[in-house]
Each structure stands twice: as C-alpha cells, then as structure tokens.
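Q: First, the structure itself, so that you have it in front of you.
The values are calculated or read from the model by the stated rules, or taken from the named source; none is laboratory data. On a predicted model such as this, the values are computed, not experimentally measured, just so you know. FYI the Cβ positions are ideal-geometry reconstructions off the backbone, even for glycines, and counts take in every protein chain you see.
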C-alpha cells in the first residue's frame, strides 16, 4: 500500500476500501508499465503504436525529456533498448528519481522553475545540437515538464519567469492559460523542442496530466504544433490580473511578438514537425477506469462520473458532498454501497496565506458539507503524490473529520478562508500521504457511501 497509514480513528472498513480503490488507480497509471505497453521490439524492429522503425537505419538513438513520471519511463526504455541507446538526459522533480544505466537523470524545481532546471534543459539542447536525419530521438514527456524544462527566451531571466509563474498559480489560472504564456517565453515549449531535434526522427511518449489530454497543453507541448499566439498569452496576463507581477523584459518580449518582430511558435504544417510521432501512453482515464474496476470488485455499485472535472476546488468539494447525500438519502444515482469516481483538475484562487493544495481544499470543503453525517467518505488525490507545495497527496474525509479537527483546536472555516487546508486536515488525521509516486495523471476524486457494516 502506497498510503501512509492514517491514524486509528480513521481506519474503518470503508476507509480501507477507499484506500484500496485509490491504490488501484495509482497502479494503473504506472508510467513504466505504460511505456512497456506502448513499445514492442522484435529484433531490429521497434513498434510504437501503429508504427514501426528499423533500428539499424539510425546512426544514434538519443533520449531526452522532462516531467514527474519520466524516470520510470526512461528505465522502461532502457530495459527494451539499452544495447542501442547512445545517450540521454531527462529532468525530474526533486525526489522523483529512478536508477538508470545510460540515461542521465537530473533533478530540478517544480512548480516554480529553478537554475537546476535551466541547466538540465541546456543539457538537452546540447545533446540535440548536432542531430541529423540518421538519428532517432525518443522524447519522454509527462506532467510537470513545463516547469522542469525551463529555458527562457533571450532577455528574460529565470527570476522573471519564476515571479510570473508564481503569480499565475496563485491567480487560479487553469493549466491551459498558464502554458499559453510559458510557450511564448520558452526556447523549447510549444513545438520548439521538435524544431531543435529536426531533421531527426522523433518519437514522443507522453503521460498526460491534462483534462482531455490535448497534446499541445501537456508539458506545454514541446513536440507538438502550437495554435496559441502571442496575443493570447498577453490576454492571459490581463484576464488573471498578473500584469503588475510581469517584468518589463517579459512585457517587452510579448509586445515584440504581438508586433511581428519575432516569430511565433511552430504552427500546424511546420516542416520541423513532419518527422514527429506523438503517443499518449497513459492518462487520467486509465487510472479512473482502474478505480472503477477495483470498487466494483469490492462490492460497490460504481459509476464513473467524468474525467473532465474542472472548477474551483472548494465548489467541487461541495458538489461531491451533495452527491454523497443524494446517494445516502435517495439512492440516486446509485444505491448504497456506492462509489462515484471522477478525474480531472481543479483550481484554487489563493486569497489567504495558508498551506495546502487543490485536493486538500476539495477535501476540506467536502468535509464541512458532510459534517456529522454517517457512512460517507470523500477522497481527493493528486496522482503525483504532491498536492501543491506540501508533502501530502490530498485528503480523505468523513462526517467526523470536522469534529476531530475542532477537538484539536483547529477551525475549519478559518482554514478554508485562509487556504490552509493542510494544517486542518493534518490535525484531523485526514491527509493522504504517498510520497513521490513517479507518475502524474491529474487528480482522482471519489465519493463513497457505505452501509452500516462498512462504517
């Protein structure tokens, strides 16, 4: 079991079953297994999805990439191709490493990029500097890649990028908006890594952490045509009120793009993208389906609500609580014992000064809405094991969570107002803690309504 055992007061049958369901989801999202499903080798032929590549035709095989899940992906690639790999370098979040033999694994900061990330990205650029049409580049991409592969455009400093990234994260901007800006301040995002790798053949293996798995959004689409524009990037800064946190250098660069002084990112039809094959190897839907299967096997009436869940975290928490009450009192949409599964990614508009993450805020909001009610359990889990800037993956709450926290001197409403879900859930023994999971397929949310025997 990946989960740190909760305190004894929260380990009834329903809690144990909920943890088993979440564990099944994490197992299904294992990136190494996903790569092994996507790649197959028969002697000198490499099969990737519906395409095949004759390995002897390539002078070199190189591996590059970035993201929270890329270390186990690299290990899986080595297991299949170690005898043919020339070199490789990937970047992961601090603590998300896996031992490798040929491919160098570098660690860097996330979600705020740091100097280590810049150095690691420069190593990727250096490795691709002299590629030819006789080379094969395997690009490993997963969630977190935008922050872990930072290489600001000339004139923009890392500190400029850090300040703007932090402001956008606090503003509640969705990942699509954040990445629109990142693409236009980067030398590798938005199809530009593929441009650097041209004319080599590029196969990008992608673990999706974005709702709907749009290729151009995952890790800011380094190997995908970018349909966003400088104008849209500027509009994001205006819409989310972060222009005051935007440096003069960034504003000047975007304005130069708006006026056509500098070229935009590669668009559909760009020759540099003609030799690229992008393959999603796993995503939130795989994890959600596995959760449904495990819950069903445990005897729950189970329904997958959606894998496109988005919205303000505290509002989503109230919706999940409303669904739990509907099941308990009316047997709709399923009779107890019931389990509803949803996947996606919520956002938090930060107005306070507390500590937490979107999943913890979902859980705290839901706990307030089901306080005092028996037989209900709501979980919200970041599949990467890190929810916001904390060591928790999310929260697992029931009708007694608020009372437990209050008994230990915590104020739930004050915590929610101050975006301080972490400290309340910690007091209540309701944090989900996994440590780094080495995967990242968005968030998984679950509603459990049990029978008297499960409570």
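Q: (1) buried (at least 24 other Cβ atoms within 10 Å of the Cβ); (2) touching a strand residue (DSSP E or B) at 6+ places or on another chain (Cβ under 8 Å); (3) at positive phi: which one isn't true of residue 362, the others all being true?
A: (3)
Q: Here's something else I'd like to know. Could you please find all residues in region 219-254 being under 19 Å from residue 154 (Cβ atoms) and touching a residue at least 60 places away in the same chain (Cβ under 8 Å)?
A: 220, 222, 246, 247, 249, 250, 252, 253, 254
Q: Still on this structure, please answer the following. Looking at residue 71 and the list (1) buried (at least 16 other Cβ atoms within 10 Å of the Cβ); (2) more than 28 Å from residue 210 (Cα to Cα), which single condition is not satisfied?
A: (2)
Q: In this structure, does residue 167 turn out to be in contact with a strand residue (DSSP E or B) (Cβ under 6 Å, 6 or more places away or on another chain) and either free of Cβ contacts under 8 Å to residues at least 12 places away in the same chain or assigned to a helix (DSSP H, G or I) (or both)? Talk me through it step by step, then tell me what you get.
A: On the way: in contact with a strand residue (DSSP E or B) (Cβ under 6 Å, 6 or more places away or on another chain): no; either free of Cβ contacts under 8 Å to residues at least 12 places away in the same chain or assigned to a helix (DSSP H, G or I) (or both): yes.
No; evaluated as a whole, the condition is false for this residue.
Q: Considering only region 58-77, I want to know if a residue exists there that is at pLDDT 95 or above, within 26 Å of the chain's Cα centre (by Cα), over 13 Å from residue 141 (Cβ atoms) and in a strand (DSSP E or B).
A: Yes: region 58-77 contains one or more residues that are at pLDDT 95 or above, within 26 Å of the chain's Cα centre (by Cα), over 13 Å from residue 141 (Cβ atoms) and in a strand (DSSP E or B).
Q: Out of all the residues in region 403-419, which are free of Cβ contacts under 8 Å to residues at least 60 places away in the same chain and crowded, with 24+ Cβ neighbours inside 10 Å?
A: In the first step, residues of region 403-419 are kept if they are free of Cβ contacts under 8 Å to residues at least 60 places away in the same chain; the result is 403, 405-414.
Result: 405, single match.
Q: Taking region 115-126 as the search range and keeping residues that are touching a strand residue (DSSP E or B) at 6+ places or on another chain (Cβ under 6 Å) and surrounded by fewer than 24 Cβ atoms within 10 Å (Cβ to Cβ), which one is farthest from residue 179 (Cα to Cα)? First the steps, then the outcome.
A: Of the residues in region 115-126, the ones touching a strand residue (DSSP E or B) at 6+ places or on another chain (Cβ under 6 Å) are 116-117, 120, 123-124.
In the following step, the residues that additionally are surrounded by fewer than 24 Cβ atoms within 10 Å (Cβ to Cβ) were identified as 116, 123.
Working: 116: 20, 123: 22 Å.
Once the filter is applied, the top-ranked residue is 123.
Q: Looking only at helices (runs of 4 or more DSSP H) that fall completely inside region 170-252, which ones have 1 or more residues that are modelled with pLDDT under 95 and buried (at least 24 other Cβ atoms within 10 Å of the Cβ)? First the steps, then the outcome.
A: Working: elements: 175-183, 192-197, 230-239.
Where helices (runs of 4 or more DSSP H) fall fully within region 170-252 and carry at least 1 residues being modelled with pLDDT under 95 and buried (at least 24 other Cβ atoms within 10 Å of the Cβ), they are 175-183.
Q: Going residue by residue through region 5-15, is there one that turns out to be at positive phi and outside any strand (DSSP E or B)? Don't jump to the end; show me each part of the working.
A: Taking region 5-15 as the starting set, the residues that turn out to be at positive phi are none.
No, every residue in region 5-15 fails to be at positive phi and outside any strand (DSSP E or B).
Q: Kindly evaluate residue 429 against the criterion of being in contact with a helix residue (DSSP H, G or I) (Cβ under 6 Å, 6 or more places away or on another chain) and either crowded, with 24+ Cβ neighbours inside 10 Å or closer than 17 Å to residue 310 by Cβ (or both). Can you show your working first?
A: Details: in contact with a helix residue (DSSP H, G or I) (Cβ under 6 Å, 6 or more places away or on another chain): yes; either crowded, with 24+ Cβ neighbours inside 10 Å or closer than 17 Å to residue 310 by Cβ (or both): no.
Against the criterion (in contact with a helix residue (DSSP H, G or I) (Cβ under 6 Å, 6 or more places away or on another chain) and either crowded, with 24+ Cβ neighbours inside 10 Å or closer than 17 Å to residue 310 by Cβ (or both)), residue 429 does not qualify.
Q: Continuing with the same structure: Conditions first: (1) surrounded by 20 or more Cβ atoms within 10 Å (Cβ to Cβ); (2) farther than 27 Å from residue 185 by Cα; (3) in contact with a helix residue (DSSP H, G or I) (Cβ under 6 Å, 6 or more places away or on another chain). Residue 101 passes all but one, so which condition is the exception?
A: Status for residue 101: all satisfied but (1).
Q: Here is a further query. Going residue by residue through region 139-156, is there one that turns out to be in contact with a strand residue (DSSP E or B) (Cβ under 8 Å, 6 or more places away or on another chain), surrounded by 17 or more Cβ atoms within 10 Å (Cβ to Cβ) and over 27 Å from residue 104 (Cα atoms)?
A: No.
Q: Any chance region 105-114 includes a residue that's under 27 Å from residue 199 (Cβ atoms), in contact with a strand residue (DSSP E or B) (Cβ under 7 Å, 6 or more places away or on another chain), surrounded by 16 or more Cβ atoms within 10 Å (Cβ to Cβ) and in the same structural domain as residue 61 (by TED's automatic domain parsing)? Walk me through how you get there before you give the answer.
A: Looking only at region 105-114, we keep the residues that are under 27 Å from residue 199 (Cβ atoms), and these are 106.
With in contact with a strand residue (DSSP E or B) (Cβ under 7 Å, 6 or more places away or on another chain) added as a condition, the list becomes 106.
Filter again for surrounded by 16 or more Cβ atoms within 10 Å (Cβ to Cβ), leaving 106.
With in the same structural domain as residue 61 (by TED's automatic domain parsing) added as a condition, the list becomes 106.
There is at least one residue in region 105-114 that is under 27 Å from residue 199 (Cβ atoms), in contact with a strand residue (DSSP E or B) (Cβ under 7 Å, 6 or more places away or on another chain), surrounded by 16 or more Cβ atoms within 10 Å (Cβ to Cβ) and in the same structural domain as residue 61 (by TED's automatic domain parsing).
Q: Quick check: anything in region 79-89 under 23 Å from residue 280 (Cα atoms), in contact (Cβ under 8 Å) with a residue 60 or more places away in the chain, out of contact with any helix residue (DSSP H, G or I) (no Cβ under 6 Å at 6 or more places or on another chain) and not assigned by TED's automatic domain parsing to the domain that holds residue 389?
A: No: zero hits.
Q: If residue 347 satisfies all but one of (1) modelled with pLDDT of 95 or more; (2) crowded, with 17+ Cβ neighbours inside 10 Å; (3) more than 12 Å from residue 448 (Cα to Cα), what's the number of the condition it fails?
A: Tallying (1) modelled with pLDDT of 95 or more; (2) crowded, with 17+ Cβ neighbours inside 10 Å; (3) more than 12 Å from residue 448 (Cα to Cα), residue 347 fails exactly one: (1).
Q: Consider residue 259 against the criteria (1) farther than 30 Å from residue 133 by Cα; (2) surrounded by 14 or more Cβ atoms within 10 Å (Cβ to Cβ): it satisfies all of them except one. Which criterion is unmet?
A: (2)
Q: Run residue 293 past the list (1) under 26 Å from the mean Cα position of the chain (by Cα); (2) assigned to a helix (DSSP H, G or I); (3) crowded, with 18+ Cβ neighbours inside 10 Å and report the number of the one that doesn't hold.
A: In the conditions (1) under 26 Å from the mean Cα position of the chain (by Cα); (2) assigned to a helix (DSSP H, G or I); (3) crowded, with 18+ Cβ neighbours inside 10 Å, residue 293 misses (3) alone.
Quick grid of which residues meet (1) at pLDDT 95 or above; (2) within 29 Å of residue 291 (Cα to Cα); (3) assigned to a loop (DSSP other than H, G, I, E, B):
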residue: 26; (1), (2), (3): yes, yes, no
residue: 52; (1), (2), (3): yes, no, no
residue: 79; (1), (2), (3): yes, yes, no
residue: 90; (1), (2), (3): yes, no, no
residue: 98; (1), (2), (3): no, yes, yes
residue: 104; (1), (2), (3): yes, no, no
residue: 112; (1), (2), (3): no, no, yes
residue: 125; (1), (2), (3): yes, no, no
